Amino acid sequence: MSIRLGRVEKYLIKRLEEDGALHIPLIDPENVSPEKAVEIGIIAERGGSAAIMIGGSTVASIVKLNEVVKLVRENVSIPIILFPNNLSGISPYADAIWFMSLLNSLNPYYIIGAQVLGASAVREYGLEPLPLAYLIIGDGGAAGYIGQAQPIPYDKPEIAALYALAAQYLGMRFVYLEAGSGAKNPIPVEMIALVRKTTSIPIIVGGGLKRPDAVEERVYAGADIIVTGTVIEESTDVEKSIHLFVDAVKRGFSRRCKRQM
Ligand code: 1GP
């Protein structure tokens, strides 16, 4: 019996094959109104982002989450992927969910407890689960605090690489290096490069990415998917912001290709 990939995962893999690296904006329903979320979604789709992620470390209102996901779903056709902080991050209106385990948490609830409690809702809602290893790097902001992480130090890339390899061996199909929303320093390029060298699953990088050049360098180092949240939510020109990040991802990937030739 072979693993049958779902529609969203197939789509992501195909876009990765075609475009090399991808940009995904993250919308936190605690930070933006449903109308602003729709605006970001429409502009992101038009601007070349691959999907929309919806979630946040402190999402508590399932009503608010559902409202945002539903409205974005009605206006945008790229996939909506939930980024849950807990059971309150599961909405029936999305396409898929990062079915994630916070591998470096000290609390088993965030490694497997919430997943056990949430699995039947994921099935009942028809959400596509995307198996994801979630790793908190540095202080990890609210995600690190809430998830009771034992954060991987910025200057210990070898630990992140070993976690990522273990995740791959456990059958997880994506790994997320998380610096935390609004982090002062994004994930170091040396860490991304070592994780890339050590594993073959797609690497998602997020947290504290505010400048296109920082995004370009992280894609050049080996990141496959770049997630930006705060910088787009707070932007006064969402269109320009999305355009700059999508372009930076493209530049980073084309430089990586040239280096490999
Ligand atoms: C947080 O990695 C994401 O979970 C995005 O972080 O809000 O800093 O872009 P920012």
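A few points about this structure:
- Single condition SER2 does not satisfy, out of (1) more than 15 Å from PRO202 (Cβ to Cβ); (2) in contact with a Phe, Trp or Tyr (Cβ under 9 Å, 6 or more places away or on another chain): (2)
- Filter pass, SER120 being under 19 Å from the mean Cα position of the chain (by Cα) and open to solvent by 10 Å² or more (accessible area, probe 1.4 Å): no
- Residue check for GLY48: within 16 Å of the ligand (Cβ to nearest atom) and closer than 27 Å to HIS243 by Cα: no
- Apart from one condition, TRP98 fits all of (1) of a type outside the set (S, T, N, Q); (2) out of contact with any Leu (no Cβ under 7 Å at 6 or more places or on another chain); (3) surrounded by 13 or more Cβ atoms within 10 Å (Cβ to Cβ); the exception is (2).
- Qualifying residues in the stretch 1-38 (those that are among the β-branched types (Val, Ile, Thr) and more than 21 Å from SER181 (Cα to Cα)) - the one most open to solvent (accessible area, probe 1.4 Å): ILE3
- For the stretch 195-217, a residue qualifies if it is away from the ligand (no atom under 12 Å from the Cβ) and either closer than 16 Å to GLY252 by Cα or surrounded by 19 or more Cβ atoms within 10 Å (Cβ to Cβ) (or both), and the qualifying residues are VAL195, ARG196, THR199, ILE201, PRO202, ILE203, PRO212, ASP213, GLU216, GLU217.
Quick grid of which residues meet (1) over 20 Å from LEU102 (Cβ atoms); (2) more than 11 Å from the ligand (Cβ to nearest atom):
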position: VAL175; (1), (2): no, yes
position: GLY180; (1), (2): no, no
position: ALA221; (1), (2): yes, yes
position: VAL231; (1), (2): yes, no
position: ALA248; (1), (2): yes, yes
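The values are calculated or read from the model by the stated rules, or taken from the named source; none is laboratory data. Please read these numbers as outputs of a predicted model, since none were measured by experiment. Every residue, glycine as well, gets a Cβ built from its backbone with ideal geometry; the counts of neighbours run over all protein chains shown. Accessible surface areas use protein heavy atoms only, side chains included; no ligands, DNA or RNA. Shrake-Rupley method; radii C 1.70, N 1.55, O 1.52, S 1.80 Å.
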